[in-house]
Amino acid sequence: METSFFRLKRIEADNDHITTSTSSGKQHLAYSRYSELCLETLNINDGGFSYLFLTSQWNLMNTSMSVPTLQNQHLLAKDDSVGVVFVKTKTNQEGSGPRRPRQLYANPLSPSTCWITALAVYLACHLRLEPGALFSGSNQKLRFGKVLTGFLKRDGSAKSYGTHS
C-alpha cells in the first residue's frame, strides 16, 4: 500500500513538473523595480523611514519581521562598511550562537539604492535618535507594508509583490 502511494505521488510530481506553471505566490522583486521603489520611497515625506526599511530588507536579505528589530547600537563601523548584528536570526532562535555582523557597503554607482545613503537620510531626519530600536514605534512592518502597497497599486502589481515575512 505504501509503495503504491509513493508511486502515485511520484507520477503526480512528474506530471506537475511537465504541465504546472512554475509561478505560485508572490513574485520576486526585480532589481529594476527595487530601484524604482527606492526613488519613490526617497521622495515621500516620512523622514526616510520607508526608504531605509526597503533598502534594509533588500541589502540585508532579511525578513520584514527582522528589519524592525534593528537596534542602532547594533550598527558597527568597520573599515569601509557598516556591520549590522542580529542577535536572533532564523538559524539562531535563542540568540546564543555567534553574532557575526552582516556587512553593508556604499554603492557609489547607484546612490538611490544604497543602504548607507538611506541610513544617512534617516539619521538626518531623526537627529535625536535614542539608543534602542532604529525604527521607533509599534508595528513598523505594517507601516511599511501600507507604503509598499500604495506604490504597487499605481501600476496594478500590488497583488504580485509583498514583504518577505
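Bear in mind that the values in this text are calculations on the coordinates, not laboratory data. These numbers come from a predicted model, not from an experiment. Because the Cβ atoms are built from the backbone with ideal geometry, glycine has one as well, and the counts that use them run over all protein chains shown.
Counting every pair of alpha carbons in the range 29-154, the share spaced more than 22 Å apart comes to 33 percent.
Remark: the Met65-Ile44 segment gains 5.3 nm on full extension, using 0.36 nm per residue and subtracting the alpha carbon distance.
The residues neighbouring Trp115, those whose beta-carbon lies less than 15 Å from its own, together hold a net charge of +1 under the Lys/Arg +1, Asp/Glu -1 convention.
Treat every Asp and Glu Cβ in the range 29-154 as -1 and every Lys and Arg Cβ as +1, leave all other atoms uncharged, and give the resulting dipole magnitude about the Cα centre to the nearest 20 debye.
360
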